[in-house]
Each structure stands twice: as structure tokens, then as C-alpha cells.
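The values are calculated or read from the model by the stated rules, or taken from the named source; none is laboratory data. Bear in mind the structure is a predicted one, so any value in this text is a computation, not a measurement. Neighbour counts are summed over all protein chains in view; Cβ atoms, including those assigned to glycine, are modelled from backbone coordinates with ideal geometry. For accessibility, only protein heavy atoms count, side chains too; no ligands or nucleic acids. Shrake-Rupley method; radii C 1.70, N 1.55, O 1.52, S 1.80 Å.
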Amino acid sequence: MTSFVKRIQAWQQQSGRHHLPWQGTTDPYKVWLSEIMLQQTQVSTVIDYYLRFLKKFPSVTALANTPVEEVMPYWAGLGYYARARNLHKCAQIVATQYKGLFPSQASELQKLPGIGESTANSIAAFCFHATTPIMDGNVKRVFTRFYGIEGYGAKTDKQLWEQAYKNVMGEQQIGQYNQGLMDLGSMVCTRSKPKCQECPLRPDCYAFKYSKQAVLPSKKPKKIIPQRETIMLIIRTQHKVLLQKRPAQGIWGGLLSLPELTNEAELNTWLTEHPTLHAQKMASFEHIFSHYRLLIHPVRISATTTLQDSARLAITDTQWYPLSDISSLALPSPVMKLLSTDPEL
Ligand code: SF4
């Protein structure tokens with residue numbers, strides 16, 4: 001039977017994706033940018049962000065020369081903001097230590113911030129013809145099903161990587177193979193209802209043979225995600241809203257957000273200290289992070305123009321922003337949603 005690699009390459013040629021904006025280039029900057037954006041984010045979401053980002057920052061030097069706070073608005077909404085901060089850090093290292101040229105070796109690429117083994121291997125294979133395999137969620141799904149690899153965690157990952165390196169041994173130009181695996185995982189060997197009838201791996205696929213598609217890849221053991229709560233203050237005048245810059249480290253690091261209070265008692269104390277303010281509670285909603293759920297209780301506060309001095313509101317690191325500028329600011333997605341759907345704004 002034709003080798004695993006050859007079957008994937010032939011399938012990619014005939015049925016894979018060929019028109020994504022980051023395909024057909026060997027520019028490591030473009031490949032790197034797409035790889036980072038695609039981590040934990042769907043292709044359909046990434047396309048617009050990728051094109052907008054590239055238009056604004058056409059080269060790694062252009063990105064490195066822009067202050068990080070001017071870069072964040074081009075990432076806002078994609079989530080996982082540590083990726084954007086690492087992206088900027090990485091661009092600065094490439095611009096200064098590597099004279100604007102990405103290193104060609106996967107082992108060197110891996111030393112840069114935010115670049116793991118799969119991303120480094122992908123850049124090396126697509127841009128420098130290295131024989132380096134990738135391992136993202138799509139590839140894991142294809143491998144666990146095809147080879148019947150069960151389990152979850154570091155031991156399973158090691159097994160998957162060993163298989164990945166074994167597959168490409170002696171092969172050349174594996175860019176198309178890597179692309180084919182990602183395409184097959186996202187178009188055919190999908191999480192639910194895989195289209196096995198269209199799959200080039202079906203004749204010797206373990207999951208197909210034993211009807212194990214629904215149980216592979218093995219599920220992560222369930223962990224109860226804790227819930228936290230916060231009160232978000234939408235302090236506004238007729239045309240402006242008060243936003244607070246978040247600390248560089250931690251959730252939504254470096255982004256603008258709404259001022260927060262931790263609980264009802266704190267809110268009551270704050271309102272007592274500012275008796276001229278009018279507070280109105282809005283519907284609470286939940287935002288899910290990977291490690292906890294945040295229950296947000298928004299409170300709309302109408303301030304008069306005489307209260308525009310934010311220092312008098314006893315909230316630090318704040319600034320008034322015109323409501324008309326909201327859509328262009330670097331705001332976390334639940335805050336953006338809250339502000340853009342508030343009928344009073
Ligand atoms: S035959 Fe089905 S389960 Fe096996 S790799 Fe192909 S799509 Fe996935």
C-alpha cells in the first residue's frame with residue numbers, strides 16, 4: 001500500500017485547501033504569524049485578523065518597531081493575549097538579534113518566545129524545506145484514530161511525536177504533507193461525524209476498523225473549573241466611557257478594560273462615597289477562560305460632566321474615551337460585547 005505520507009500528499013493535492021491567505025508563501029514572517037494566530041482559533045476567524053494585521057505590519061521589522069500597545073488593538077478579540085505579547089517580543093528579538101531574518105533551523109526557532117516545537121517545525125518545513133513534522137489538534141486527531149493511540153497527557157504526546165518523526169524519516173519537501181494532515185483533520189477526520197468514506201487512510205485506519213471514532217482521541221479527564229465573580233463598572237457621561245489599563249501581567253494583560261470591584265459590599269461602599277452617581281445593575285453573564293469561569297455583573301453608572309476627573313472616582317490608571325472610538329480599542333471580547341450591545345451607549 002502507498003505510504004502514509006504519500007497518501008496524505010496526494011489527497012492534499014486533489015482535495016486539500018489551496019487558497020488560504022498564508023498558503024503559497026515561503027516568507028517565515030507570514031507563516032509564523034498565521035501559525036500563532038491559528039493556535040486555539042478557527043481558520044475562519046483568523047483570516048480577517050491575519051489580513052488586517054499584515055496590512056498594518058507588513059514585516060517583522062515593522063512589527064518590532066511599533067510599541068506593543070499599538071499592536072494590541074489588532075489582536076483584540078482573538079483571545080489568549082499572551083500570544084500577542086510573545087509575538088511582539090519575538091519580533092523584537094528577530095529584528096535585533098537576527099537582523100530581521102528568522103533562523104532556518106527548527107531548534108533555533110524554538111528558542112524564540114511563543115514558538116513551540118510544532119510551530120518551529122512548521123516554519124522550518126514550509127519556509128526552509130526541513131523534514132520537520134507538526135502536531136496540532138487536527139494532526140493529533142488523525143494520528144490517534146489512525147494508529148489507535150489511546151490516553152491523554154505527556155506520555156501520549158510523546159508517543160504521537162515519535163510517530164510523527166518516524167513517518168517523515170527519509171521523506172523530502174514535507175510542507176504539503178504537513179498541510180495535508182491539517183486539512184484532513186479539519187475537513188474529513190472531524191471531531192464529530194468524520195467523513196471516513198472520503199478518507200485516504202480508511203483502508204487501514206484503526207478507528208474505522210473498530211468503530212472507535214467517537215472515543216478517539218481520548219477525552220481529557222474532567223476537571224471542575226472554578227467560578228470567580230467580578231463587578232464591572234460602565235462609568236459613562238453622555239459621550240464618553242471610563243476605561244482602565246490592566247496590569248501587563250495576568251488576564252487581559254496590557255488591554256483596556258472596565259474598572260472592576262470585587263463584590264457587592266465594595267460596590268455599596270464606593271457608591272456611598274460617591275452619592276451623586278446613579279447606578280443601574282444590568283444582566284449578569286459568564287465568560288469562560290481555560291482555567292476558570294468569570295461571572296460578570298455589569299453596573300451602569302451615569303456620571304455628570306463635572307465628575308469627569310477620574311481621580312475623584314478613586315479608581316487608578318483610568319482615562320475617558322469617546323464612545324465612538326470603542327470599536328477600535330484593544331478591549332477584551334466580553335467587555336467589547338458589553339459596550340457594543342448596551343442600548344444606553
Ligand atoms: S478513516 Fe475516518 S477515523 Fe480514520 S483517519 Fe480517516 S476520517 Fe479519521
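Side notes on the structure shown:
- Förster radius 51 Å - calculated FRET efficiency between Arg293 and Thr2 (Cβ-Cβ, nearest 0.05): 0.60
- Length-normalised contact order for the chain - Cα pairs under 8 Å, 6+ apart - percent: 16
- From phi via Karplus (6.51, -1.76, 1.60), per-residue ³J(HN,Hα) for segment 19-28 in Hz, x at Gly/Pro: 10, 6, x, 9, 8, x, 10, 10, 7, x
- Antiparallel DSSP beta bridges within the chain, percent to nearest 5: 65
- Near the amide H of Ile234, within less than 5 Å, lie the amide hydrogens of Val299, Arg300, Ile301, all on another chain or at least 5 residues away, with H placed in the peptide plane.
- Where the Cα pairs of segment 186-338 fall when distances are cut into 10 Å bins, in %: 9, 30, 22, 12, 12, 10, 4, 0
- Rolling a 1.4 Å probe over the heavy atoms of the protein chains gives the chain an accessible area of 52 Å² per residue.
- Loop-resident sites, segment 147-183, for chymotrypsin sites (Phe, Trp or Tyr not before Pro), counting at most 14 other Cβ within 10 Å (DSSP): Tyr152
- FRET E, pair Glu171, Gln40, Förster distance 30 Å, beta-carbon r, rounded to 0.05: 0.60
- Size descriptors for segment 147-246 (Cα atoms only): Rg and Dmax, in that order, 22.4, 67 Å.
- Using just its DSSP H runs of length 4 or more, each adding -39500 (n - 2.57), the chain gives a mean residue ellipticity at 222 nm of -12000 deg cm²/dmol after division by all residues.
- On the principal axes of its alpha-carbon atoms, the chain has extents of 79, 49, 32 Å, going from largest to smallest.
- In loop segments of segment 180-270 as defined by DSSP, the trypsin sites (Lys or Arg not before Pro) with at most 14 further C-beta atoms inside 10 Å of their C-beta are Arg191, Lys195, Lys219, Lys222, Lys223.
- HN-Hα J in Hz across segment 74-87 - Karplus 6.51, -1.76, 1.60, θ = phi - 60°, x for Gly and Pro: 7, 10, 3, x, 7, x, 6, 5, 4, 4, 5, 5, 5, 4
- Applying both filters, DSSP loop and at most 15 other Cβ atoms within 10 Å, to the chymotrypsin sites (Phe, Trp or Tyr not before Pro) of segment 261-298 gives Phe289, Tyr292.
- Share of carbon and sulfur in the accessible area of segment 227-341 stands at 52%, probe radius 1.4 Å.
- As a fraction of the 1.4 Å probe accessible area of segment 1-126, surface on carbon and sulfur atoms comes out at 50 percent.
- Between 0 and 90 degrees, the angle of helix 43-56 with respect to the longest Cα principal axis of the chain falls at about 70 degrees.
- 3J(HN,Hα) couplings calculated from phi for segment 210-223 with the Karplus curve 6.51 cos²θ - 1.76 cosθ + 1.60 (θ = phi - 60°) are, in sequence order, 9, 6, 10, 4, 6, 9, 10, x, 4, 6, 5, x, 5, 10 Hz; Gly and Pro show x.
- With N the number of residues in segment 191-278, Rg(Cα) / (2.2 N^0.38 Å) evaluates to 2.11.
- Difference of contour (0.36 nm per residue) and Cα-Cα distance, Glu198 to Glu70: 41.5 nm
- Euclidean distance between Cα centres, segment 1-15 to segment 54-117, Å: 33
- Protection-proxy order for peptides 52-61, 39-48, each taking the mean of Cβ atoms within 10 Å per residue, highest first: 52-61, 39-48
- Measuring spread by the Cα atoms of segment 4-209 yields a radius of gyration and Dmax of 17.4, 54 Å.
- Reach of Lys140 by Cα under 22 Å, taken over lysines that are not fewer than 8 positions away in the same chain: Lys6, Lys155, Lys158, Lys166, Lys193, Lys195, Lys209, Lys212, Lys219, Lys220, Lys222, Lys223
- Placing unit charges on the Cβ atoms only, positive for Lys and Arg and negative for Asp and Glu, gives the chain a dipole magnitude near 1100 debye about its Cα centre.
- Between helix 137-147 and the chain: long-axis angle, C-alpha atoms, 0 to 90°, nearest 10: 30
- With the charge dipole of the chain set up from +1 on Lys and Arg Cβ and -1 on Asp and Glu Cβ about the Cα centre, the Cα lying farthest toward the positive end among the listed residues Gly16, Pro334, Gln110 is that of Gly16.
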